[in-house]
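Read the structure below first, then the notes.
The values are calculated or read from the model by the stated rules, or taken from the named source; none is laboratory data. Only a predicted model underlies this, so the values are computations on that prediction, with no experimental measurement involved. Glycine also receives a Cβ, built like all others from the backbone with ideal geometry; neighbour counts cover every protein chain displayed.
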């Protein structure tokens, strides 16, 4: 009888304990990049995270279509451009959570915050190019010397964010003219940034437009791989510093747990993960930089143009431009 009473007491106590919420995350960040840190959050907090992976632009469009019916509690975008598109659907994040992130890397109303950064760079073959022949500007890639030699990923979200920034800085006409001339210069189109690096290693292309960490990862796997990083001249739009960023959907259902997830991503543990495992740049200073990383945050910042991330909201315009040019 005593055992039965104890069992009933245990069940009653369990029923009285509030169940931890399951969060729904829409992630434009790829599963191989972020699944380990999501699992670490669950292990530490007991909060399960159901993830819907997809393209950053695709998920932003989905959120707009779903509106208040969306099951998403969080939207984690590969670049801040997509967050700007849906920022009006987000809750302001507490200053206590995001206050250690420089204001340049969060929304002016704290509706989204960067989780890590990466530099847009040129990946180059060390066998078929030299550092001295690298172009000074992104716009120079339309020259005849680069015909059929440049690899790009026209469906990639990071490129879409890059082009959106270029439109904001240079204007639509200049970017459209550049893209028309670039496409006419017979670039090699591949599926994603990993494929850009592999294409160069395979001898298909000589240089590619990608993010800094893809080259770092290739060299981490094989220090003798014939590939290196390069930058355009300081201040050129080709050297854009992009950030992955996250926001909490304006829904009261799981907002506390969702904010807890954001807080975890900005914690020293998670920031070190982005630096060491993903080889991105931290947005909360204090991490240990891996040995052998070729570009530092300081180098990328010095080379980067001045762009207000809060102004990069017209992702749709970039996608439409690419559709009009026949590459989407």
Kindly indicate which of 51, 122 is part of a strand (DSSP E or B) and free of Cβ contacts under 8 Å to residues at least 40 places away in the same chain. 51
Consider only pairs whose beta carbons are under 6 Å apart and that are at least six residues apart or on different chains; among these, list those whose first residue lies in the stretch 150-169 and is under 22 Å from residue 124 (Cα atoms) and whose second residue is modelled with pLDDT of 95 or more and in a strand (DSSP E or B). 150/207; 151/188; 151/208; 152/209; 154/189
Selection from the stretch 200-243 of residues that are part of a loop (DSSP other than H, G, I, E, B), at negative phi and in contact with a strand residue (DSSP E or B) (Cβ under 9 Å, 6 or more places away or on another chain): 204, 205, 206, 226, 231, 232, 240
Tell me yes or no: at least one residue of the stretch 131-151 is touching a strand residue (DSSP E or B) at 6+ places or on another chain (Cβ under 6 Å), buried (at least 20 other Cβ atoms within 10 Å of the Cβ) and part of a strand (DSSP E or B). yes
Return the residues of the stretch 159-198 that are within 20 Å of residue 134 (Cβ to Cβ) and either surrounded by fewer than 21 Cβ atoms within 10 Å (Cβ to Cβ) or touching a strand residue (DSSP E or B) at 6+ places or on another chain (Cβ under 8 Å) (or both); say none if nothing qualifies. 159, 162, 178, 181, 182, 185, 186, 187, 188, 193, 196, 197
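Filter the stretch 80-92 down to the residues that are in contact (Cβ under 8 Å) with a residue 40 or more places away in the chain and either in contact with a helix residue (DSSP H, G or I) (Cβ under 6 Å, 6 or more places away or on another chain) or over 26 Å from residue 272 (Cβ atoms) (or both) and list them by number. Before you say what the answer is, go through the steps one by one.
Step one: filter the stretch 80-92 for residues in contact (Cβ under 8 Å) with a residue 40 or more places away in the chain, giving 80-87, 89-91.
Selection gives 80, 81, 82, 84, 85, 86, 87, 89, 90, 91.
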Taking into account only those residues within the stretch 58-74 that are touching a helix residue (DSSP H, G or I) at 6+ places or on another chain (Cβ under 6 Å) and buried (at least 23 other Cβ atoms within 10 Å of the Cβ), which is farthest from residue 308 (Cα to Cα)? 73
